[in-house]
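Here is the structure we will look at, set down as structure tokens.
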Amino acid sequence: MYVIGGAPDSWEQRLKAAELWAGDPAVVSHQSAGALWGYDGVKPGMIQLLTTGTGRDVPPGIVVHRTKLLARRDWGLYKGFRVTSMARTLFDLAAVVDPATFEAAAESALRKNDHLYDDLIDRLGELGEQGRNGITVVRQFLAERGPELAATESVLETHFLRLIRTSGLPEPTRQFRVWIDGVCVARFDFAYPLELKLGIRLNGKNHLRPERWENDQRQSNALQLSGWLVLDFTWKDVLERPHDVMATLRRAYGIAAGGAR
């Protein structure tokens with residue numbers, strides 16, 4: 001790894017050293033940019049840059065991606081780095097990560113920026129014409145979700161949503177609030193509302209805190225009295241027992257729709 005001024009002791013210091021080595025017009029990109037932006041599923045570690053500059057010897061530990069064109073709107077300053085924009089970072093990620101990782105990153109990016117969907121649509125035309133890798137992944141993601149859907153709120157929710165698409169069931173409503181007598185008594189991560197009244201909660205570690213657990217119990221009582229069928233799944237359920245989770249969901253959907261127990 002190329003080092004400036006001694007051995008850096010953090011990923012961000014190593015990244016800054018690489019940026020200084022590369023100079024203009026290089027910017028932090030791909031997984032490195034995704035980690036800087038805090039996208040779900042993208043962890044710090046890799047040192048990646050994007051540049052329109054000509055080839056030169058690259059120090060070990062740095063990955064340099066080269067492009068013919070880097071529009072000014074495709075990069076900016078963030079956390080003291082020259083880094084690809086939120087939208088451009090997603091286009092670059094789509095070319096180098098699997099679709100599940102891309103979707104988790106994209107959903108978290110949409111959560112951070114209300115205008116990002118429009119930015120992605122805007123950039124899709126120009127970047128798509130360049131024949132870039134990953135364009136199909138981005139285009140399919142945008143077409144499937146549309147601008148009106150709420151972003152998932154965690155990697156767990158995105159994993160669960162991808163599971164539902166393999167189940168044969170319709171896609172549920174995201175972040176659905178239940179109102180009883182003018183009071184919001186619960187917000188489901190996913191729900192099949194209206195006549196089905198089937199709600200799904202995904203329980204991370206924060207649900208283990210005593211006050212959160214007690215609140216969940218109060219919610220469950222109010223929901224059951226109002227005719228809701230509630231399913232709770234954990235991270236371990238979704239990641240390690242996906243077939244069981246989907247079997248349970250299908251059965252619950254059948255019950256909610258009036259099928260036999």
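Any read-out appearing in this document is the output of simple, stated calculations on the displayed coordinates, not a laboratory observation. None of these values were measured; they are calculated from a predicted model. Heads up, the Cβs are rebuilt from the backbone with ideal geometry, glycines too, and the neighbour counts pull from every protein chain shown.
Once the Cα-Cα distance is subtracted from the 0.36 nm per residue extended length, the residue 9 to residue 232 segment shows a gain of 76.1 nm. For the chain, the longest principal axis of the Cα atoms and the long axis of helix 135-145 meet at an angle of about 30 degrees. Under a 5 Å amide H cut-off, with hydrogens placed 1.01 Å from N, residue 85 pairs with 75, 76 among residues at least 5 apart or on other chains.
Sorting 44-51, 21-28, 84-91, 219-226 by their mean Cβ neighbour count within 10 Å, with the most densely packed peptide first, gives 84-91, 44-51, 21-28, 219-226. Of the peptides 54-63, 163-172, the order by per-residue mean of other Cβ atoms within 10 Å, starting with the highest, comes out as 163-172, 54-63. Given R0 = 45 Å, the distance between the Cβ atoms of residue 251 and residue 79 translates into a calculated FRET efficiency of 0.45.
Under 5 Å from the amide H of residue 180 lie the amide H atoms of 185, each residue being 5 or more positions distant or on a separate chain, with H modelled from the backbone and absent for Pro and chain starts.
Lysine pair count for the chain (Cα-Cα distance under 18 Å; residues 8 or more apart in sequence or on different chains): 6. Computed from label points 7 Å out along Cα-Cβ, the spacing between residue 194 and residue 243 is 3.3 nm. Converting phi to 3J(HN,Hα) with the Karplus coefficients 6.51, -1.76 and 1.60 and the offset θ = phi - 60°, the stretch 46-55 yields 6, 10, 10, 10, 10, 8, 9, x, 7, x Hz in sequence order, with x at every glycine or proline. Over every Cα atom in the stretch 91-148, the radius of gyration and the widest Cα-Cα span, Dmax, amount to 10.6, 28 Å. Round to a whole angstrom and tell me the spacing of the C-alpha centers of the stretch 235-250 and the stretch 17-45. One Cα centre to the other: 35 Å. With the highest mean first, a sort of the peptides 186-194, 34-42 on other beta-carbon atoms found within 10 angstrom per residue produces 34-42, 186-194. Given an 8 Å cut-off on Cα distances and at least 6 residues of separation, report the relative contact order of the stretch 1-121 as a percent. This gives 25 percent for the stretch 1-121. Other residues with beta-carbon under 14 Å from the beta-carbon of residue 15 carry, at +1 per Lys or Arg and -1 per Asp or Glu, a net charge of +2. Here the 3J(HN,Hα) profile of the stretch 230-238, calculated from phi with Karplus coefficients 6.51, -1.76 and 1.60 at θ = phi - 60°, is 10, 10, 10, 10, 9, 4, 5, 4, 5 Hz, Gly and Pro shown as x.
The calculated FRET efficiency for the pair residue 184 and residue 225, based on their C-beta separation and a Förster distance of 25 Å, comes to about 0.95. Simple spin-label estimate for residue 217 and residue 175 gives 3.0 nm between the two label positions (7 Å along the Cα-to-Cβ direction from each Cα). Our summary gives the chain a relative contact order of 12 percent, counting only alpha carbon pairs under 8 angstrom and 6 or more residues apart.
Between the labelled values (i) 1.36; (ii) 1.08; (iii) 1.21, the entry that holds Cα Rg over 2.2 N^0.38 Å as derived from this structure is (iii). Extension gain, residue 65 to residue 143, is 25.3 nm, computed as 0.36 nm per intervening residue step minus the present C-alpha separation.
All other residues whose Cβ lies under 11 angstrom from that of residue 79 are scored, Lys and Arg at +1 and Asp and Glu at -1, for a net of +1. Across the stretch 1-85, Cα-Cα pairs more than 20 Å apart make up 27 percent of the total. Calculated mean residue ellipticity, 222 nm, the chain: -13500 deg cm²/dmol, from DSSP H runs (n ≥ 4) at -39500 (n - 2.57) each, averaged per residue and rounded to 500.
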